[in-house]
Amino acid sequence: MKTIFLNTFVLFSFFTLSLFSCSKSDDSSPSTANTFFCKVDGVDYNPPNATGLISTITNTLVITGSTGSNAQKIQIFLPNDIAVGTYTQFYDYTADEFIQMYYSPPTSQDADDDGFANSGQLVITEHDTNAKRIKGTFNFVTDPSINGSTVWNVTEGSFTITYQEL
């Protein structure tokens, strides 16, 4: 009987310690309160995955809203030090600030269905590079897909992302 009591006590103590040691009092961990929303051809798109990553190789910040791997997603490619402001020039390698937005539908089997922004607007309303937090709004219309005629209209976009470096 002592052994059962002791084992139960040890398990209970370990479980309790685990709960309290994982509390949210550690302010050094990145925020998980990322948000991403837009409408795609008038339909709400509120993906469960909203992330931001900086590639130190290309100095590019990539913001992604996706429903999972190989699924519907929107990606926004920005310079990692982008300033607060309004941007309307996309997919221009000669521009001072290279910016691109991209949409891949949930039924996409390959790049034939995907689209890159042809026109639109990206507004960065906040960017704290020390805290690695960026906030903004966006809208864009894609070029026709590579082998098709599909054009995607993405409107009412917004994001608030705390990003990480790779």
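The values are calculated or read from the model by the stated rules, or taken from the named source; none is laboratory data. Predicted model only: the values in this text are computed from it and were never measured. Please note: Cβ atoms are built from the backbone with ideal geometry, for glycine as well, and neighbour counts cover all protein chains shown.
Some values worked out for this structure:
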| read-out | value |
| --- | --- |
| Identity of the residue in region 36-72, farther than 23 Å from V141 by Cβ and touching a Phe, Trp or Tyr at 6+ places or on another chain (Cβ under 7 Å), that ends up surrounded by the fewest Cβ atoms within 10 Å (Cβ to Cβ) | L53 |
| Every residue from region 42-63 that is touching a residue at least 12 places away in the same chain (Cβ under 8 Å) and polar (S, T, N, Q) | N49, T51, S55, T56, N59, T60 |
| When residues of region 133-162 are limited to those that are in contact with a Pro (Cβ under 9 Å, 6 or more places away or on another chain) and assigned to a loop (DSSP other than H, G, I, E, B), the one farthest from N46 (Cα to Cα) | T150 |
| Filtered residues of region 138-157 (kept if surrounded by fewer than 16 Cβ atoms within 10 Å (Cβ to Cβ) and under 18 Å from A50 (Cα atoms)) | T155, E156 |
| Looking only at region 75-104, and only at residues there that are among the hydrophobic types (A, V, I, L, M, F, W, C) and modelled with pLDDT of 85 or more, the one that is nearest to T155 (Cα to Cα) | M101 |
| Strands (runs of 3 or more DSSP E) within region 12-74 that include 1 or more residues modelled with pLDDT of 95 or more, more than 30 Å from N130 (Cβ to Cβ) and among the aromatic types (F, W, Y) | 43-45 |
